[in-house]
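Undergrad: Just passing along the structure, written as structure tokens.
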Amino acid sequence: MAANTKIVYGYVEKATLVDKGMVLSAKLDTGAKSASLSAININEIVQNGKTYLHFTVLGKKEQMEFTAEYLGKVKIKARAGENQSPQNKIASIRRPVVLMTVQIGDKIRKIPVNLTNRKRFNYPLLLGRDAIIAFDGLIDPSHAFLIKSQQVKENEVK
């Protein structure tokens, strides 16, 4: 595939969290900058001087435990109803960020993902502009699930 060739994705695609093979529906959202994953029970672990987060990913039908490299915190504009100030202004919040290996179709990428409880949303994984760019993507909002799922192959992570 040529360097400038883009892949057309639907506004929702199946994404696999490669480390455990967990398949989630992901909303591809050009209005968001970063990726966000539905997670609870987030705990910090330090091993050999490196910091990791252990957390539970909330899928629609299953939950799965993960441990991933902690990258720090990211400042996010809070969603409506989340962390509002007394003056009813939407405040910024800080979320933990981990590095996750994600697959869509035959593309596998390591991307930073912030962790938050997305249980009340339709999709447990949101991929914003940074992730869409990493996946060489263009979004067709009139379609969902344009990409066929494929098995992870060794040495394909970019």
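Computed from the coordinates by the stated procedures, all read-outs in this text should not be read as laboratory data. Owing to the predicted nature of the structure, the values given are computational and were not obtained by experimental measurement. Here the Cβ is made from the backbone with ideal geometry for all residues, glycine too, and neighbour counts use every protein chain on show.
Undergrad: For A32, what residues show an amide H to amide H distance below 5 Å, using hydrogens built from the backbone and excluding near sequence neighbours?
TA: Residues meeting the amide H criterion: R129.
Undergrad: Which of the pairs K6/K61; K20/K119; K6/K73; K27/K107; K20/K50; K6/K148 have their Cα atoms more than 27 Å apart in this structure? Please report the intermediate quantities before stating the final value.
TA: Working: K6/K61 32 Å; K20/K119 20 Å; K6/K73 30 Å; K27/K107 16 Å; K20/K50 21 Å; K6/K148 16 Å.
Distance filter (> 27 Å) returns K6/K61; K6/K73.
Undergrad: What are the ³J(HN,Hα) couplings of region 65-78, residue after residue, when phi is run through the Karplus curve with 6.51, -1.76, 1.60 and θ = phi - 60°? Round to Hz, x for glycine and proline.
TA: 7, 9, 10, 9, 5, 7, 9, x, 10, 10, 8, 10, 6, 5
Undergrad: Now for a different question. Show me, for region 118-123, the HN-Hα J-couplings you get by feeding each phi into the Karplus relation (A = 6.51, B = -1.76, C = 1.60, θ = phi - 60°), rounded to Hz, glycine and proline as x.
TA: Result, ordered by residue: 9, 4, 7, 9, 5, 10 Hz.
Undergrad: Another question, then. Using amide H atoms built 1.01 Å from N in the peptide plane, name the residues 5+ places from M22, or on other chains, whose amide H lies under 5 Å from its own.
TA: L17
Undergrad: For R94, what is the net charge nearby, where nearby means another residue's Cβ is under 11 Å from its Cβ and Lys, Arg count +1, Asp, Glu -1? Before the final figure, lay out the partial values.
TA: Details: positive: K73, K75, R95; negative: none.
Here the charged neighbours net out to +3.
Undergrad: Taking amide hydrogens as modeled 1.01 Å from N in the peptide plane, which residues meet the under 5 Å criterion relative to H143, leaving out close sequence neighbours?
TA: Under 5 Å from the amide H of H143 lie the amide H atoms of Y11, each far enough along the sequence or on another chain.
Undergrad: For region 24-66, which GluC sites (Glu not before Pro) are in a loop by DSSP, counting at most 16 other Cβ atoms within 10 Å?
TA: Numbers: sites: E44, E62, E65; in loops: E62.
Here the sparse-neighbourhood loop sites are E62.
Undergrad: What ³J(HN,Hα) values, in whole Hz, does the Karplus curve 6.51 cos²θ - 1.76 cosθ + 1.60 give for region 132-144 when θ = phi - 60°, with x put for Gly and Pro?
TA: Calculated HN-Hα couplings, in order: 4, 5, 4, 8, 6, x, 10, 10, 9, x, 8, 9, 10 Hz.
Undergrad: Rounding to the nearest 20 debye, state how big the charge dipole of region 7-140 is about its Cα centre with +1 on each Lys and Arg Cβ and -1 on each Asp and Glu Cβ. Could you put the intermediate results ahead of the total?
TA: Details: 21 positive and 12 negative charges, 100 e Å.
For this selection, approximately 480 debye.
Undergrad: Further, regarding this structure: Arranged by the count of other C-beta atoms within 10 angstrom, fewest first, what order do Y70, Y52 take?
TA: Details: Y70 20, Y52 17.
Fewest to most other Cβ atoms nearby, the residues stand as Y52, Y70.
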